[in-house]
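Here the structure comes first, spelled out in structure tokens, and everything after it is commentary.
The values are calculated or read from the model by the stated rules, or taken from the named source; none is laboratory data. As the structure is a computational prediction, the values presented were derived from the model and not from experiment. Reconstructed Cβ throughout: ideal geometry from the backbone, glycine too, with neighbour counts over all protein chains shown. When the accessible area is computed, the model is the full protein with side chains, heavy atoms only, and any ligands, DNA or RNA have been set aside. Shrake-Rupley method; radii C 1.70, N 1.55, O 1.52, S 1.80 Å.
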Amino acid sequence: MPDIIRLLPDSVANQIAAGEVVQRPASAVKELLENAIDAGAGLVKLIVKDAGKTLIQVIDNGLGMSITDARMSFERHATSKINTADDLFALTTKGFRGEALASIAAIAQVEMKTRKADQELGTVIQIEGGEVKLQESCSCPVGTSIAVKNLFFNVPARRNFLKSEAVEFRHIIDEFERVALAHPEVAFSLHHNGAEVFNLSKTNQRQRIVALFGNPYNTRLAPLDEHTNILVLSGFIGKPEFAKRSRGEQFFFLNKRFIRNAYLHHAVQSAYSELLPKEAFPSYFIFLEVDPRTIDVNIHPTKTEVKFEDDRSIYAILRSSVKKSLGQNNISPSLDFEQEMGIEIPLRTKGETVVQPGITVDTNFNPFSNERKGNDTPKTDYLKNMDWGQNYSRHAYNQLELLNETGKTAHADDPSEEQQTLNTKWDTDPASETTSKPVQLHNRYILAPIKSGFVLIDQQSAHERILYERFTGFMREKKCFSQKTLFPESIELSGGDMVTIRELLPDLTLIGFDISEFGLNTIAINGVPVEMQDLNIASVLEALIEESKHRQHEFRLNPADSIARAMARNASVKSGRKLSEEEMSAMIDSLFACSMPYATPDGRPTLLTYGLDELERKFKK
Ligand code: ADP
Ligand code: MG
């Protein structure tokens, strides 16, 4: 029997290693950007074509490489960053494994041009699938340019595995953001398919965040600053009112390297706990500096995970300094509406449930009566018959039926205790008429003055939030308001959609639908939620069925919440609809009665605040 064990040829070994280092174009982007930073560059340019599938090029003005180094850099385990095993424990650079360039060159066509400042001529090297095709002198600027073409050209399985251009480019942006955030002292640019996506000049930490994520961040951030023996903390945390429903901008950097750490995330989230509703996530950009000897970065090839020697202390320091910053900056999730407007903004703390307002039956009350505000709005508009929050107009009330737990309808004819809820802030405060009234802009936004400036509310997003909380409240309380349809509408469905509707039915009933099966694959709509009485119900249900198919996973995990979201989106008043003053006022009231007024269920902002001090600053020379 001949021996059968052989050493793998280098090219194969490199391809295997490459699989670990380079999973997708974004991994190559990360490695190249990090090399440029390690080389001390002050200016880094990233050029990408087709989300990195055809070209990833990083040009830096860093140290550059000698002829020999240029050739060596593509060898596996070739690095200038460590000499001895001890160095591993005192790392200040991003790279150290000496694997990245070898790996990238094994699975792409790479051209490197590099020159050191003290050399007249630079070096150009072309490598394809790990084989050097060309190496010669060339004239080129000081620094290094590495162009990676046709990534995975010789690993078709990998290439086919790549996601859509949008997804892959999103990953590239993620990596770019991480490196750019950690190095505001370096200028960066990013071009994709010939278009400039980012152009970031050298700046400070705060301005870098703003440059990456937009001007609104300027006012949303509170600084973090803590020096202890084991840890130096800096960076910014987002004020609670701008928290997002979806995980937004959440970044930890350890010694200027992006890391993920669920434990540290928990420390931050818990520092906010009192200030945020359950479903909201704060933004943060937190920089931790520790002695490199106290961490182990070597536990994961892509190095986004780390182990701390003393993670408990770090947790405690982080949590308390986030708390301190929130306290020092006097941040609470309230908005100080002008007193004259008399709007109370209920502050809700974690655990407190939002009680859905009941039906209000003051027979003398009409929140849309013209004499009170002295303007002349027609009353036929369904928006006015529908309540945005606490108030039901008499008209709407007359048509209301309260669906109780058993699904039977019962008239709510005991007005006694709900009557109080009619004492709305608008109603009780006549001063509001002469002072700050809300104004609608472009049939789309509501501008309302507050004590410290003004808020700009997006009517569609705001209404989506209001309806979402209303529907989830109905589901929780098993009490909803249903509007009987005069002529039950029948809708024919495909067999598959019929199955879907049956699955959704229990939760649809909870928000006010009264649907019965009517022969094979036909349903009859006998009642609809009051909020939806003027909508085309067939198309609303169709949209819901579509959504539940596309987001099967979510719908399966949490059908009630998914339905509430979809319905809120569908039934919300759209941009472009003119609102009367009463409608706007009611909407503002309802929005601030929400437990999380600042964002839609899927995390889009519902309102922006503008402070007087900010305005003053802007009008200064
Ligand atoms: P590592 O970064 O882990 O050392 P790499 O494979 O990424 O390994 O790079 C190998 C070596 O090539 C680096 O140690 C560095 O000396 C050199 N190098 C890579 N990129 C650059 C660059 N942009 N400018 C200067 N030198 C570089
Ligand atoms: Mg490297």
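Please determine whether any residue of segment 47-62 is modelled with pLDDT under 95, near ligand 1 (Cβ under 10 Å from one of its atoms) and of a type in the set (Val, Ile, Thr).
no
Just the residues that are open to solvent by less than 40 Å² (accessible area, probe 1.4 Å) and away from ligand 1 (no atom under 11 Å from the Cβ), please, taken from segment 122-143. Step through it out loud before you land on a result.
Pass one, segment 122-143, residues open to solvent by less than 40 Å² (accessible area, probe 1.4 Å): 122-125, 127, 129, 138, 140, 143.
Correct list: 122, 123, 124, 125, 127, 129, 138, 140.
Restricting attention to segment 490-536, and to residues there that are touching a residue at least 60 places away in the same chain (Cβ under 8 Å) and either of a type in the set (A, V, I, L, M, F, W, C) or assigned to a helix (DSSP H, G or I) (or both), which single residue is surrounded by the fewest Cβ atoms within 10 Å (Cβ to Cβ)?
509
Residues in segment 92-105: is at least one away from ligand 1 (no atom under 11 Å from the Cβ) and either part of a helix (DSSP H, G or I) or more than 18 Å from residue 37 (Cα to Cα) (or both)?
No, because not a single residue in segment 92-105 is away from ligand 1 (no atom under 11 Å from the Cβ) and either part of a helix (DSSP H, G or I) or more than 18 Å from residue 37 (Cα to Cα) (or both).
Before we move on, is residue 191 outside the structural domain of residue 235 (by TED's automatic domain parsing), open to solvent by 30 Å² or more (accessible area, probe 1.4 Å) and assigned to a helix (DSSP H, G or I)?
No.
Can you give me the number of residues within segment 1-21 that are within 46 Å of the chain's Cα centre (by Cα) and either of a type outside the set (D, E, K, R) or at pLDDT 80 or above (or both)?
12
Can you tell me how many residues within segment 452-476 are of a type in the set (A, V, I, L, M) and open to solvent by 10 Å² or more (accessible area, probe 1.4 Å)?
2
Every residue in segment 70-121 that is in contact (Cβ under 8 Å) with a residue 40 or more places away in the chain and open to solvent by 70 Å² or more (accessible area, probe 1.4 Å), please.
Listed by number, the residues that qualify are 71, 76, 89, 92, 117.
Output the number of the condition that residue 169 fails; it satisfies all remaining conditions of (1) within 12 Å of ligand 1 (Cβ to nearest atom); (2) assigned to a helix (DSSP H, G or I); (3) crowded, with 20+ Cβ neighbours inside 10 Å.
Just one mismatch for residue 169, condition (1).
Return yes or no: is residue 230 assigned to a loop (DSSP other than H, G, I, E, B) and modelled with pLDDT of 85 or more?
Criteria met by residue 230.
Given (1) out of contact with any helix residue (DSSP H, G or I) (no Cβ under 9 Å at 6 or more places or on another chain); (2) over 17 Å from residue 23 (Cβ atoms); (3) more than 16 Å from ligand 2 (Cβ to nearest atom), where does residue 161 come up short, assuming only one miss?
Result: residue 161 fails condition (2) only.
Being at pLDDT 95 or above and either of a type in the set (Lys, Arg) or assigned to a helix (DSSP H, G or I) (or both), is that true of even one residue in segment 143-157?
yes
Pairs only if they're at least six apart or on different chains, beta carbon under 7 angstrom, first in segment 56-68 and in a loop (DSSP other than H, G, I, E, B), second within 15 Å of ligand 2 (Cβ to nearest atom) and not β-branched (Val, Ile, Thr); list them, first residue then second.
61/41; 62/36; 62/39; 62/40; 62/41; 63/39; 63/40; 65/73
Looking only at segment 554-570, decide whether some residue is of a type outside the set (Val, Ile, Thr), open to solvent by less than 20 Å² (accessible area, probe 1.4 Å) and under 24 Å from residue 441 (Cα atoms).
Yes; the residues of segment 554-570 include at least one that is of a type outside the set (Val, Ile, Thr), open to solvent by less than 20 Å² (accessible area, probe 1.4 Å) and under 24 Å from residue 441 (Cα atoms).
Yes or no: residue 46 away from ligand 2 (no atom under 12 Å from the Cβ), over 32 Å from the mean Cα position of the chain (by Cα) and either crowded, with 17+ Cβ neighbours inside 10 Å or outside any helix (DSSP H, G or I) (or both)? Steps first, answer last, please.
Numbers: away from ligand 2 (no atom under 12 Å from the Cβ): yes; over 32 Å from the mean Cα position of the chain (by Cα): no; either crowded, with 17+ Cβ neighbours inside 10 Å or outside any helix (DSSP H, G or I) (or both): yes.
So residue 46 fails the test.
I'm trying to understand the selection: among the residues of segment 97-135, which are under 25 Å from residue 178 (Cβ atoms) and touching a helix residue (DSSP H, G or I) at 6+ places or on another chain (Cβ under 7 Å)?
The answer is 99, 100, 102, 103, 104, 106, 107, 110, 112, 114.
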